[in-house]
Protein chains: 2
Amino acid sequence: MINKTEILDAYKYRHACKLFDTNKKVSDSDMNFILETGILSPSSFGFEPWHFVVVQNPELRSKLKDSAWGATAKLDTASHFVLGLTMREPLMKYDSQYIEDFMRDIQELPENVIEQKGSMYETFQKSDFDLSDDRKLFDWASKQCYIPLANMMTSAAMIGIDSCPIEGFNQSKSEKILKDDLGIDTNLYGLSYMVAFGYRVNEPRPKTRRTLEKVVTFK
Amino acid sequence: MINKTEILDAYKYRHACKLFDTNKKVSDSDMNFILETGILSPSSFGFEPWHFVVVQNPELRSKLKDSAWGATAKLDTASHFVLGLTMREPLMKYDSQYIEDFMRDIQELPENVIEQKGSMYETFQKSDFDLSDDRKLFDWASKQCYIPLANMMTSAAMIGIDSCPIEGFNQSKSEKILKDDLGIDTNLYGLSYMVAFGYRVNEPRPKTRRTLEKVVTFK
C-alpha cells in the first residue's frame, strides 16, 4: 500500500518534458525498472502486442529526426529514447503462429483452453470490434501498447524521472528508417509512439485539466 | 520518490480480477483518487478525448450484460463499474468547436498559439497518421484513452484495489444501450473499454510475461 498523496504527487510531477539535462543519465537499473513496469502491463487477451527499441546510438537518433518533427529536441537531449512498436497482422491475426505459440509457451495454457480462447479471439476480431483489415487490427493492438506507455511514464515519475510521449512523427517515413537503419521487420511491427526519458532542465507550466465533475458522470 | 520495490509490487499485484467481493465497497474517496489519476494522464496535443461513466445502478448494469460477454461477472460483483468513452469526429476533428474552445478555455493558450497548434493538429490528422475517416480518428483518440485506463488500474493496485479491464463487448450493441438507456450522445462519444474496480475474492494464477530480454532491443 502506497500513500495516496505520494501517488498523486507523482502523477502531478509527470509532464511532457520538452528538454532534458544532457549531463544527467538514467541509470541502467532505473531504466530496467521502468521497462519492467511496462512489461507487467495488461493487454487484451494478454497477448502483449508490443516491442520496445531503446535507441542510444547518436547516429541512429539523428536519422530518426528526419521524420519526427515532435522528437528533435528529445532525440538530442534525452537520456534514453524508446520506440514503442506494435505487432501487425501477421502476428496479431487470430490464426497466426505467434498467437498459438504465445498461448502455449508464454501463457502455458492447456490445449483445450488454447482452442477455446483462440476461437473467442477469432469471434472478437470478426464481429465484436470489426478488426477486419490491417489498419484496424494495428490500431487495436496499438491501443494495448498505450498501457505500457502510461505505466512506464508513471513509474518513471514515481522515482523522479521525467518523460515525454511523442506522436509527432510521420508514421510511414519513420517506419522506412526503422526498416533501413534499425533492421526492424516492418511487416511484423509498426511504430505507435516514441517516448523519451531523462531529467528536466526547466520547470513545466502549471498542469491544466478539465475537472473531475466535467469528466465523470455517475449513473 | 517512491520505493522501486513497492512500485513493482503494485504492478505485480494488479491482475485482471474476474470476480469481486460483493461485501467490500471501494470508498468514495478512493474512487475519486483513482479517477483523479486517470484525469491527470497525458494525451496527444493534451486534448483529453475521454469521458468516464461510473455505472452503479443495478438495472443499468443488468442491461449492459446483454452486449458484454466479457463483463457479466464484473457487472454483478464489482464495487464500481466504469465505461471508458472516447470522443468521436464531431469533437476531435481539427476544425471542431470543442478543440478551439479547449485550447482557449482549458489549456488557456494565447490566440497566436491556438492558431499555430490548430494548424499543426490539422497537418497531423491529414498526413502524419492519416486520420481521415471517423473510424481512424476514433481509434487514434481511443489510444489516448488507454493511458488513463492504465493509470487508473495502476493507482488502484497501489492502494490495494483490484480492477479488470474489459474489451469483451459488442461495440455497436453496447453503444445502442448507452444511447437508449444511459442518455449518452453516441454521435459524440464511442465506447472504448469498460473497467471494473473492487476487491478480489480469489488469488490469481501466477502472472506470465515474456522476459525483458525478449521484449526490449537496445540499439
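Other protein chain C-beta atoms within 10 Å of residue C-beta, averaged over A:54-67: 1. Per residue of peptide B:206-216, the mean number of Cβ atoms on other chains within 10 Å of the residue Cβ is 6. Across peptide B:103-109, the average count of Cβ atoms from other chains found within 10 Å of a residue's Cβ is 2. Looking at chain B alone, DSSP beta bridges between its own residues are antiparallel in about 95 percent of cases. Ranked by the mean number of other Cβ atoms within 10 Å of their residues, highest first, the peptides A:169-178, A:106-115, B:34-43, A:78-87 fall in the order A:78-87, B:34-43, A:169-178, A:106-115. Available extension along the chain between B:ASP66 and B:GLU203 is 46.5 nm, counting 0.36 nm per residue and deducting the alpha carbon span.
Placing R0 at 22 angstrom, the Cβ-Cβ distance between A:THR5 and A:PHE218 gives a FRET efficiency of 0.35 after rounding to 0.05.
The HN-Hα couplings worked out from phi for the stretch A:166-177 by the Karplus form 6.51 cos²θ - 1.76 cosθ + 1.60 (θ = phi - 60°) are 9, 10, x, 8, 8, 5, 6, 5, 5, 5, 5, 5 Hz, whole numbers, x standing for Gly and Pro.
With the label put 7 angstrom out from Cα along the Cα-to-Cβ vector, B:ASP105 ends up 5.4 nm from the copy partners, going from closest to farthest.
Label-point spacing at A:ASP133 relative to the other copies reads 0.5 nm, in ascending order, each point sitting 7 Å out from Cα along Cα→Cβ.
Entry note, the stretch B:117-219: relative contact order of 23 percent, from Cα contacts under 8 Å with a spacing of 6+ residues. Comment: the Cα-to-Cβ extended label point of A:LYS18, at 7 Å, lies 5.0 nm from its counterparts in the other copies, nearest first. Amide H to amide H, with H built 1.01 Å from N, A:THR217 comes under 5 Å of B:PHE52, B:VAL53, B:VAL54, counting only residues 5 or more places away or on other chains.
Ordering B:PHE124, B:VAL82, B:GLN97 by the projection of their Cα atoms onto the charge dipole of the stretch B:16-201, which places +1 on the Cβ of Lys and Arg and -1 on the Cβ of Asp and Glu, puts B:VAL82 at the extreme positive end.
Mean separation of Cα pairs under 8 Å and 6 or more residues apart, divided by the residue count, gives the stretch A:4-215 a relative contact order of 37 percent.
At an R0 of 45 angstrom, the distance between the Cβ atoms of B:ASN23 and A:ASP180 translates into a FRET efficiency of 0.15.
Antiparallel beta bridges, as assigned by DSSP with both residues in the protein assembly as shown, represent about 85 percent of the total such bridges. Taking a ≥ b ≥ c as the square roots of the eigenvalues of the Cα gyration tensor, the protein assembly as shown is rounded, since a/c falls below 1.5. With a Förster radius of 41 Å applied to the C-beta separation of B:ASN32 and A:GLN171, the computed FRET efficiency comes to 0.65. Straight-line cross-link partners of B:LYS4 among the aspartates and glutamates, defined as a Cα under 13 Å from its Cα and at least 8 positions apart when in the same chain: A:ASP30, A:GLU36. Annotation for A:VAL54 and B:ARG104: the two label points, set 7 Å from Cα along the Cα-Cβ direction, are 4.6 nm apart. Relative contact order of the stretch B:60-131, taken over Cα pairs closer than 8 Å and 6 or more residues apart, is 17 percent. The stretch A:11-31 to the stretch B:48-82: how many Å between their Cα centroids? After rounding, the separation between the Cα centres reads 38 Å.
We did not get these values from a lab; they are worked out from the coordinates using the rules stated. Everything numeric here is computed off the predicted structure, so don't read it as measured data. Because the Cβ atoms are built from the backbone with ideal geometry, glycine has one as well, and the counts that use them run over all protein chains shown.
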